[in-house]
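Since the structure comes first, as structure tokens, the remarks are kept for the end.
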Amino acid sequence: MNVLLDNFAGFREGFIGTLTLTAVSALIALVLGLVIAGFRVSPVPPLRLFGTVWVNLLRNTPLTLLFLVAVFVVPEILFPGMSFFVLAALALGFYTSTFVCEAIRSGINTVPLGQAEAARSLGMTFSQTLRLIVLPQATRTVLPPLSSILIALTKNSAIAGAFSVTELFGWQKLMSDRGEDIVPIFIWVAAGYLVITFTISGIFRVLERRMEVAR
């Protein structure tokens, strides 16, 4: 307990850093994953090809390698001076968007094909069919895997601590380098991650119950 009380300011900054990084990365992943899922089921071949390449390329690349590219290559070529936090959020968001995309695409595939055909017979465009008919029905199926994906994202954010991003893993490394007792440090870091992951799980449980009532 003394380790936390004596270094509470650092722990608080690390916890807020992990929470912020998780939230920003999740927003990027959800928006981008939804767009790429639309590409994957689009009737336009170039969009389908782009979505397939995006998913297969990023999903099969180790996340640590993506961080290395984001931190050491991207600033040299595209955006010099960009903060490590933004680069880490982009790497996490892009990587996680592939899993979000596949979860949404799987949910779309559970909607009977007749729903889309009926929408087309009414003169609806592809985007209108997807937005108004298919996605609302697919949401019930998509929620459980999305919860697991966002929890995995929270744990993956620990990699950012190795790239000078202020978060819980970075605080743990700092305390270890200072020679503090490692056991209570790991306990408090684990507690911080559990608070975030349990909150995500609770939010999705509430959403799933509401969907069950609506059903």
Only one of 76, 13 is at pLDDT below 90, surrounded by 13 or more Cβ atoms within 10 Å (Cβ to Cβ) and among the acidic types (Asp, Glu). Can you tell me which? 13
Residue set 96, 141, 52; condition of a type in the set (S, T, N, Q) and touching a Gly at 6+ places or on another chain (Cβ under 7 Å); output residue 141
Within segment 161-178, is there a residue that is open to solvent by 20 Å² or more (accessible area, probe 1.4 Å), in contact (Cβ under 8 Å) with a residue 60 or more places away in the chain, β-branched (Val, Ile, Thr) and within 30 Å of residue 73 (Cβ to Cβ)? yes
Tell me, yes or no, whether segment 182-197 has at least one residue that is exposed (fewer than 13 other Cβ atoms within 10 Å of the Cβ) and of a type outside the set (A, V, I, L, M). no
Might you check whether a residue that is within 22 Å of the chain's Cα centre (by Cα) and among the aromatic types (Phe, Trp, Tyr) occurs anywhere in segment 173-196? yes
Criterion first (on the phi > 0 side of the Ramachandran plot and surrounded by fewer than 21 Cβ atoms within 10 Å (Cβ to Cβ)) does residue 81 satisfy it? yes
Considering only segment 30-42, I want to know if a residue exists there that is outside any helix (DSSP H, G or I) and either surrounded by fewer than 16 Cβ atoms within 10 Å (Cβ to Cβ) or not polar (S, T, N, Q) (or both). yes
Could you please let me know if residue 210 is without any contact (Cβ under 8 Å) to a residue 60 or more places away in the chain, in a helix (DSSP H, G or I) and surrounded by 13 or more Cβ atoms within 10 Å (Cβ to Cβ)? no
Residue by residue through segment 79-109, note down the ones that are without any contact (Cβ under 8 Å) to a residue 40 or more places away in the chain, more than 23 Å from residue 50 (Cα to Cα) and in a helix (DSSP H, G or I). 86
How many residues, within segment 145-158, are open to solvent by 60 Å² or more (accessible area, probe 1.4 Å) and either in contact with a Pro (Cβ under 9 Å, 6 or more places away or on another chain) or touching a residue at least 40 places away in the same chain (Cβ under 8 Å) (or both)? 1
Breaking point among (1) exposed (fewer than 12 other Cβ atoms within 10 Å of the Cβ); (2) part of a helix (DSSP H, G or I), for residue 123: (2)
Residues that are in contact with a Phe, Trp or Tyr (Cβ under 7 Å, 6 or more places away or on another chain), modelled with pLDDT under 90 and either of a type in the set (A, V, I, L, M, F, W, C) or under 28 Å from residue 158 (Cα atoms) (or both): does segment 105-122 have at least one? no
For segment 147-202 the number of residues that are closer than 18 Å to residue 22 by Cβ and assigned to a helix (DSSP H, G or I) is 37
Given the criteria among the aliphatic types (A, V, I, L, M), in a helix (DSSP H, G or I) and either closer than 15 Å to residue 87 by Cα or touching a Phe, Trp or Tyr at 6+ places or on another chain (Cβ under 8 Å) (or both), does residue 143 qualify? yes
Checking residue 176 against (1) within 22 Å of residue 98 (Cβ to Cβ); (2) among the polar types (S, T, N, Q); (3) modelled with pLDDT under 85, which single condition isn't satisfied? (1)
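The values are calculated or read from the model by the stated rules, or taken from the named source; none is laboratory data. The structure presented is a predicted model; accordingly, all values stated were derived computationally and were not measured. Using ideal geometry, Cβ is built from the backbone for each residue, glycine included, and neighbour counts are taken over all protein chains shown. SASA here: full protein model, heavy atoms, side chains in, ligands and nucleic acids out. Shrake-Rupley method; radii C 1.70, N 1.55, O 1.52, S 1.80 Å.
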